[in-house]
Amino acid sequence: MAVHIKNHDEIELLRVAGRLAADVLDYIAPKIQPGISTGEVDRLCHDFMVDFQKVIPAPLDYAPPGYKPYPKSICTSINHQVCHGVPGDKILRQGDIVNIDITVIKDGFHGDTSRMFEVGNVSIQAKRLCRITHECLWLGIRSVRPGGNLGDIGAAIQNHAESSGYSVVREFCGHGIGRKFHEDPQVLHYGKRGIGLSLQPGMVFTIEPMINAGKAAIRELADGWTIVTKDHSLSAQWEHTVLVTDESFEVLTMSPGMPAAPIT
Ligand code: MF3
Ligand code: CO
Ligand code: CO
């Protein structure tokens, strides 16, 4: 595993990319209302990124080994969809929860972040899943420190998810990020404290736990991208891009409109 340590100039470019990705979520947040289609959400985000921010939407035509090119500019994963939901004709309805995942490329560097949105009034169960998953993300982030281990992040997330009665998706993980969308290391959302890669200042990776209300098992839809829970239980995900600093961590995907970090 070759983990790239970013230098000062690279970190500055990652800060810019991260902020831009978060700004897209701030822009789209008020538009996530009953009646809008995920295709319209994609079009609005695409135009904001390309025409206003002058960034490249990283998902568009992205084709990792074994995948066909991704057809849209963002991911929209609704209810039992875990991740990589492909925008289309689907209309968001009152009571839905939806993850919107934004990755931009600015001056060659990637910023990657996602949030959950509640469409109108949603059930207490859906609200709780979104809240606990947000707490899982922040517990993961707050366990990042130089000299710590990758396993500290996974352990913190797994502990909170499972003690809340939920399960952690195993097949997808956080990832190193920089000039490449997905690079080493793999950041598992489960694990054991004190195990795994030793964290060093200058490492940049995402933390993006996918938490299911039911069982952990997933399957892929025939579109070759969309991942759903096998038992059709609700699933939630939140994502930030994080830098390991000399002291602790810095979240690179902050923006004025982002939900406040929970008191964990
Ligand atoms: N943004 C996703 C992540 O957090 C990856 C999406 S790949 C795509 O890693 F092709 F589906 F967009
Ligand atoms: Co990511
Ligand atoms: Co993402």
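Values in this text are rule-based calculations from the coordinates and carry no lab data. All figures in this text were calculated on a predicted structure; none of them were measured in a lab. All Cβ positions, even for glycine, are placed from backbone atoms using ideal geometry, and neighbour counts span all protein chains on display.
The lone criterion from (1) touching a residue at least 40 places away in the same chain (Cβ under 8 Å); (2) away from ligand 2 (no atom under 16 Å from the Cβ); (3) part of a loop (DSSP other than H, G, I, E, B); (4) not polar (S, T, N, Q) left unmet by A161 is number (3).
Under 7 Å by Cβ, and 6 or more places apart or on different chains, what pairs join a residue from segment 171-183 that is more than 18 Å from N7 (Cα to Cα) and in contact (Cβ under 8 Å) with a residue 12 or more places away in the chain with one that is more than 14 Å from ligand 3 (Cβ to nearest atom) and aliphatic (A, V, I, L, M)? So the pair list comes out as E171/I218; C173/L188. If you go through segment 33-45 and keep only what is over 21 Å from E239 (Cα atoms) and either in contact with a helix residue (DSSP H, G or I) (Cβ under 7 Å, 6 or more places away or on another chain) or assigned to a loop (DSSP other than H, G, I, E, B) (or both), you end up with Q33, P34, G35, I36.
Considering only segment 9-32, I want to know if a residue exists there that is in a loop (DSSP other than H, G, I, E, B) and exposed (fewer than 15 other Cβ atoms within 10 Å of the Cβ).
Within segment 9-32 (the criterion being in a loop (DSSP other than H, G, I, E, B) and exposed (fewer than 15 other Cβ atoms within 10 Å of the Cβ)), the answer is no, since none of the residues qualifies.
Picking from R131, R145, which residue would you name as being more than 16 Å from ligand 2 (Cβ to nearest atom) and assigned to a helix (DSSP H, G or I)? None of the other options fit; the residue is R131.
Scanning segment 71-124 for residues that are within 16 Å of ligand 3 (Cβ to nearest atom), β-branched (V, I, T), surrounded by fewer than 23 Cβ atoms within 10 Å (Cβ to Cβ) and not in a strand (DSSP E or B) turns up just one, V86.
So is F48 under 21 Å from E239 (Cα atoms), among the aromatic types (F, W, Y) and outside any loop (DSSP other than H, G, I, E, B) or not? Yes: the conditions hold for F48.
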